[in-house]
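The values are calculated or read from the model by the stated rules, or taken from the named source; none is laboratory data. All values reported here derive from a predicted model rather than from experimental measurement. As a convention, Cβ positions derive from the backbone with ideal geometry for all residues, glycine included, and neighbour counts pool all protein chains shown.
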Amino acid sequence: MKKTLLSLVSLLLFAVAVTAQDNISALLPMPAKVETREGTKPFDLTRAAVTVNDFSDNGYLAKELEQVVYSRTGVSLGNNKKCNSSIEILFSADKDSEGYTLEVTRKKVVIEASTAAGVFYAIKTLDQLMLGDSRNSAEGKLAQVRIDDAPRFAYRGVMLDPARHFLPVDDVKFFIDQMARYKYNVLQLHLTDDQGWRIEIKSHPKLTGVGAFRAAGGGDNGPDNGYYTQEQLRGLVAYAAERNVEIIPELDIPGHSAAILAAYPQIGCAFRHGTVNAGNIGQVTNMMLCACSEEAYAIYEDIIKEVSEIFPSKRIHLGGDEAAVKDNWAKCDSCLALMKKQGYDNPSQLMIDFFGRMLDIVRRNGKEAVLWCELDNIWPPAHDYLFPYPKDVTLVTWRNALTPKCIELTRNSGHKLIMAPGEHTYLDYPQWKNDLPEYNNWGMPITSLETSYRLDPGYGLPAEEQSHIMGVMATMWAEAIKDINRVNYMFFPRGLAIAEAGWSIMEQRGWESFKERLLPNLTNLMELGVSFRVPFEIYRNR
Ligand SMILES: [Zn+2]
């Protein structure tokens, strides 16, 4: 008898422990502060209605809240007749711009935020509370909890690469839905590269007329056609904005420019005219714009003006990476003459003149430029920038092993920095031995889910040494990523690890906890039709 009683007691304790954890078991990224209230009675959604909504002018939020509750519980908030409990969405000036409080008590659910973004994120967290607490959700109940949350970093980005393989607009929208679920707020679109020009420029229709079509003889595994019209991009910008995602366009210059050079060969260095044409876009990856081509500056004057009007973001990314200076400027009579005139001893210094003029165009259009950070060596040891970056440029660190140097240099030079260190955030790298990509694998390091998770965007530095870091960016370079299903396979679940690195403070993060919280989220992604990779290696033998 005594033994039976003991078993019963331990069974009850076990049940309480599991129940107590349920409503926080799917929170991802982990909020800054969570207080559960074990042993209290849950809130009853079947008798609830939204009674106060300070954000009622934003129809999207109310719709999103109703949809989230309905999809998890089957309760239709708008049709609740016998409501005796309330859901309140309140404006609170003292919340951070993306922060929120979400409190569930017996009689009320209260969301407080100072912006629509904060309310949106509270709804996404509510969705995960219900996902984790499936037993209560099935009965239309919410366990009591209080969550005070705000992001660690203001910039939480993903870069998609439709230049290498075009992604139709509806596929990008589907991706935005998923990234927003995990509180990413920036989507960088890599719109131009050697392998394609993907944005309509009305003043220069040849850009897409030639550059958006890759012939059978082209590079990166054959034909790939398509581009975004300006109207489609405006629609995409609006769609993203409802979900608190800002779209930043990237036009990669002066390298990665074979697609524009196929349309306008005369803006490359003279000795290389005719190297690339409509039939071989994508094959030649070391072409550059000529630093002395007046026509190149004139065309980009038009391009940047049109691009600035499409995207309301204050930022434009202009690339600046992997410029094959030795194969272009160093052999060009005009470029060498300019180098001599300026008293330079290295043709890379022509970047000062090239970006000096391009950044002036950006500034005249009221924008700020972002560039990939390039150092004077592509592997350690590196000592300085490739060229002195103007003060108003935001840099992105990316090359494997050079991030500590980039953090130090940008801190000393007063530049803002976005963290996309290859060893954690390059999600085109394989996730496991013998996994994809099946081509364009140049010896990529395996970047496992755990490797991605181990990123601390502050690199463990004291607060004052990381205060110039704006946030993180996961990159989905798409040489071998042909469609949205492959994007999702490479992005999920590693993208969720990077999402938590961008949002959650280190004190709230933990690999063991992440693995557990990931499981219900994977189930959910499967139900949504997201073709993630199953991270079998972290669950086997546990
Ligand atoms: Zn030149």
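For segment 160-216, a tally of residues being surrounded by fewer than 22 Cβ atoms within 10 Å (Cβ to Cβ), within 19 Å of F491 (Cβ to Cβ) and touching a Ser or Thr at 6+ places or on another chain (Cβ under 7 Å) returns 0.
Among the residues of segment 115-134, the one identified as more than 19 Å from E500 (Cβ to Cβ), surrounded by 24 or more Cβ atoms within 10 Å (Cβ to Cβ) and of a type outside the set (A, V, I, L, M) is D133.
Residue-level analysis places E322 outside the set of residues that are part of a helix (DSSP H, G or I), away from the ligand (no atom under 12 Å from the Cβ) and touching a residue at least 24 places away in the same chain (Cβ under 8 Å).
Regarding segment 121-133, can at least one residue be identified that is assigned to a helix (DSSP H, G or I) and modelled with pLDDT under 95? No: zero hits. Being more than 29 Å from D345 (Cβ to Cβ), buried (at least 17 other Cβ atoms within 10 Å of the Cβ) and either within 12 Å of the ligand (Cβ to nearest atom) or of a type outside the set (A, V, I, L, M, F, W, C) (or both) is the requirement here; does R315 meet it? The answer is yes for R315. Residues in segment 338-361 that are in contact (Cβ under 8 Å) with a residue 12 or more places away in the chain, out of contact with any Leu (no Cβ under 7 Å at 6 or more places or on another chain) and small (G, A, S): G356 alone.
Quick check: anything in segment 377-392 of a type in the set (V, I, T) and away from the ligand (no atom under 16 Å from the Cβ)? For segment 377-392, residues of a type in the set (V, I, T) and away from the ligand (no atom under 16 Å from the Cβ): present.
Checking each residue in segment 418-429 for being part of a strand (DSSP E or B) and surrounded by 24 or more Cβ atoms within 10 Å (Cβ to Cβ) picks out I418, M419. R243 meets all of the listed conditions (1) more than 13 Å from the ligand (Cβ to nearest atom); (2) over 26 Å from the mean Cα position of the chain (by Cα) but one, namely (2).
Residue selection: A296 fails the criterion of being within 16 Å of the ligand (Cβ to nearest atom), among the small types (G, A, S) and under 16 Å from L371 (Cβ atoms).
From the list A259, A238, the one residue that fits, being small (G, A, S), within 19 Å of the chain's Cα centre (by Cα), away from the ligand (no atom under 16 Å from the Cβ) and closer than 25 Å to V362 by Cα, is A238.
Out of S513, S448, report the one residue that is more than 22 Å from N434 (Cβ to Cβ), assigned by TED's automatic domain parsing to the domain that holds P404 and surrounded by 15 or more Cβ atoms within 10 Å (Cβ to Cβ). Result of the check over S513, S448: S513. For segment 230-244, the set of residues classified as in contact (Cβ under 8 Å) with a residue 12 or more places away in the chain, surrounded by fewer than 20 Cβ atoms within 10 Å (Cβ to Cβ) and either on the phi > 0 side of the Ramachandran plot or out of contact with any strand residue (DSSP E or B) (no Cβ under 9 Å at 6 or more places or on another chain) (or both) consists of Q232, R234, G235, Y239, E242, listed by residue number. Within the option set P254, P265, being within 16 Å of the ligand (Cβ to nearest atom) and surrounded by 17 or more Cβ atoms within 10 Å (Cβ to Cβ) holds for one residue only, P254. The single condition among (1) more than 16 Å from the ligand (Cβ to nearest atom); (2) touching a residue at least 40 places away in the same chain (Cβ under 8 Å) that R364 does not meet is (2).
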